[in-house]
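The values are calculated or read from the model by the stated rules, or taken from the named source; none is laboratory data. Please read all numbers here as calculations on a predicted model, not as lab measurements. Cβ atoms come from the backbone with ideal geometry, glycine included; neighbour counts cover every protein chain shown.
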Amino acid sequence: MTDASRTPREKPLSPHLQVWRWHITMATSILHRATGCALYVGALIAAAWAIALAQGPDRYAQFKSLLGSIPGKVVMLGLTVSLFYHLANGVRHLVWDTGHGLDVKSANASAVLVLAFAAAATLAVWGIAGMTGAL
């Protein structure tokens, strides 16, 4: 016979967010996944736009008024940020795939650069849209 106890033992806990200190590369990794999911929503909105366009001017006008509302603009702003962030972080990953920029200092600097690009590109696009009367 064995000397093993028949009472269930607690499972060991693996280190998670309670143990690891948050850092910018961890945040950018999570944001990359989140923006990828948001872009799926954007694809559905683009499909709805095409369907509304195909259904005629009345349905398209309804769709435009929905996207032109405050909640619609907030969603579009979020999709713009998601698009530029995901694009820049994807380029960052391509650079990493070549074996460059993997040290901590370079990875942190590229994370800041990605965030700055996403913010600047979003502001530029929405600024141009505002100046041309598209908003």
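Of the residues 65, 82, the single one that is among the polar types (S, T, N, Q) and surrounded by 11 or more Cβ atoms within 10 Å (Cβ to Cβ) is 82. Within the range 100-134, the only residue that satisfies the criterion of being touching a Lys or Arg at 6+ places or on another chain (Cβ under 7 Å) and β-branched (Val, Ile, Thr) is 114.
The residues listed here are 108, 89; of these, the one that is under 13 Å from the mean Cα position of the chain (by Cα) and not acidic (Asp, Glu) is 89. All conditions but one from (1) in a loop (DSSP other than H, G, I, E, B); (2) at pLDDT 95 or above; (3) hydrophobic (A, V, I, L, M, F, W, C) apply to residue 135; the one that does not is (2). Quick check on the range 100-122. Is at least one of its residues part of a loop (DSSP other than H, G, I, E, B) and among the charged types (D, E, K, R)? Checked against the condition, which is being part of a loop (DSSP other than H, G, I, E, B) and among the charged types (D, E, K, R), the range 100-122 yields at least one hit. Applying the selection to the range 1-38, what residues are at pLDDT below 90 and of a type in the set (S, T, N, Q)? Scanning the range 1-38 gives 2, 5, 7, 14, 18. For the condition in contact with a His (Cβ under 7 Å, 6 or more places away or on another chain) and either over 30 Å from residue 66 (Cα atoms) or without any contact (Cβ under 8 Å) to a residue 40 or more places away in the chain (or both), residue 89 qualifies.
From the list 47, 61, 52, 34, which one is in a helix (DSSP H, G or I) and within 30 Å of residue 22 (Cα to Cα)?
From the options 47, 61, 52, 34, the qualifying one is 34.
Yes or no: the range 71-80 includes at least one residue that is farther than 29 Å from residue 26 by Cβ and free of Cβ contacts under 8 Å to residues at least 12 places away in the same chain. Yes, the range 71-80 has at least one match.
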